[in-house]
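Following: one structure in structure tokens, then a few remarks.
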Amino acid sequence: MSLEIRCCDLNVEAAVRDRYSAAAYQAEAALCCPVSYDRKFLEIIPSDILERDYGCGDPSKHVRAGETVLDLGSGGGKICYIAAQVVGAAGRVIGVDCNDEMLNLARKYQGVVGDRLGFHNVEFRKGKIQDLKLDLERLEKHLIENPVRSSSDWLRAEEYANSLRVSAPLIADNSVDVVVSNCVLNLVRSEDRRQLFAEIFRVLKPGGRAVISDIVSSDDVPFELQADAKLWSGCISGAFREDRFLVAFESAGFHGVEILERQVEPWTTIGPLEFRSLTLRAFKPQPVTASDFRHAVVYRGPWKRVTTDFRQELVRGEQVDVREAEFAMLAQSPYRDQLVLLPNANVEVGAAPSGSMFVSLNLAPEAGGCCSPGSKCC
Ligand SMILES: C[S@@+](CC[C@H](N)C(=O)[O-])C[C@H]1O[C@@H](n2cnc3c(N)ncnc32)[C@H](O)[C@@H]1O
């Protein structure tokens, strides 16, 4: 399914930059879709930031202690400062935004929030979320020393940018536990969206996840609305059609794509079109390392049959053999509770390797579970 459904002359990047540069100074109510955050996390965040809340959901609810979190389009830094409290001193949070005024606002309070928290685990980096390899501040430094005065200079600057992407990427491959974003993906130009999803996939560790809150539309947004700078920068006309948003993650290689929250009443409507906030989660798979079918699962229901992201059909109540890497995936959230896990189901007990399957897959057994081969406790 194509993500490039747009065709208009709007300069999306200029429209978005101008709107958010102004909104960093002067709070703009029209950019706010009401969200209820956990109030205990707001206490240490300065009002300057809270007043400039341009989010539409709360992906920070889905991060955990000790994790490395990347917030795409971090704006004034509110989600980063909430996540910083959840991940704690052992975790870290990186906010990426390409807008100088927003970065200034977020960084202005970095020391204050860190002091109130008792540790400093947040940083803000300048980059475009569809190009998370390019460190725009390093490029800027180079351009000050090597100003562009001709097309040849410009070509050399491009070469330098490419070398930076390789030698010092803004966000390294496989380095992040959870990518969050709050109301930003819809602002990216349609022609950059395929790369945007590929970048989210690239920076996540295998097994890592994306938790994204964004605005989705009930149908395709007509071209005349897409050409409206105010509607685009206002998170409306760049909204993903809801079904396409889910498919975009699947097409980028994610599995376990799941809607976590979906506004019942639309945030706004234009004619028959409804625009609402949706929060989804999607996982980056672990690499497949083995192809034997030594393990099995039984799907508990309630559906009669379901199809997994690796295109295997599970019929309620039927035992199905699965590969090692797929089993490792199914033994974790969000699948685990829907399945009876049968590690080493196809290996005779006497022939099973020493140590339980949970040990070799580095998985903890489910609470109350007792399924290691040879175990007599069930
Ligand atoms: C609607 S605001 C959301 C800000 C923040 N996430 C929040 O919850 O308040 C969008 C933010 O994304 C940034 N942004 C938009 N497009 C971007 C892009 N392509 N790359 C990096 N940042 C972008 C804007 O500068 C702005 O700070």
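The values are calculated or read from the model by the stated rules, or taken from the named source; none is laboratory data. Predicted, not measured: the structure shown is a model, and the values here were computed from it. Glycine gets a Cβ as well: all are built from the backbone with ideal geometry, and neighbour counts include every protein chain shown.
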- Query: Within segment 1-37, which residues are of a type outside the set (A, V, I, L, M, F, W, C) and modelled with pLDDT of 80 or more?
  - Reply: Asn11, Glu13, Arg17, Asp18, Arg19, Tyr20, Ser21, Tyr25, Gln26, Glu28, Ser36, Tyr37
- Message: So, Gly91, is that one within 24 Å of Thr279 (Cα to Cα), within 13 Å of the ligand (Cβ to nearest atom) and in the same structural domain as Glu224 (by TED's automatic domain parsing) or not?
- Response: no
- Considering every residue within segment 69-84, establish whether at least one is away from the ligand (no atom under 16 Å from the Cβ) and in a strand (DSSP E or B). no
- Among the residues of segment 183-239, how many are more than 10 Å from the ligand (Cβ to nearest atom) and over 19 Å from Ala252 (Cα atoms)? 18
- Message: Which of the strands (runs of 3 or more DSSP E) found entirely inside segment 277-348 contain at least 2 residues meeting this: within 23 Å of Glu242 (Cα to Cα) and not acidic (Asp, Glu)?
- Response: 305-307
- Task: Check Ser175, Ser151 and return the single one that is of a type in the set (Ser, Thr, Tyr) and loosely packed, with under 13 Cβ neighbours inside 10 Å.
- Result: Ser151
- Query: Counting only residues that are surrounded by 15 or more Cβ atoms within 10 Å (Cβ to Cβ) and basic (Lys, Arg), how many does segment 243-269 have?
  - Reply: 1
- Message: For a quick check of your reading of the model, give me the residue pairs whose first member lies in segment 102-130 and is assigned by TED's automatic domain parsing to the domain that holds Ile212, whose second is within 14 Å of the ligand (Cβ to nearest atom) and of a type in the set (Phe, Trp, Tyr), with beta-carbon atoms closer than 6 Å and at least 6 apart or on different chains.
- Response: Met102/Tyr20; Leu103/Phe124; Ala106/Phe124; Arg107/Phe124; Val113/Tyr81
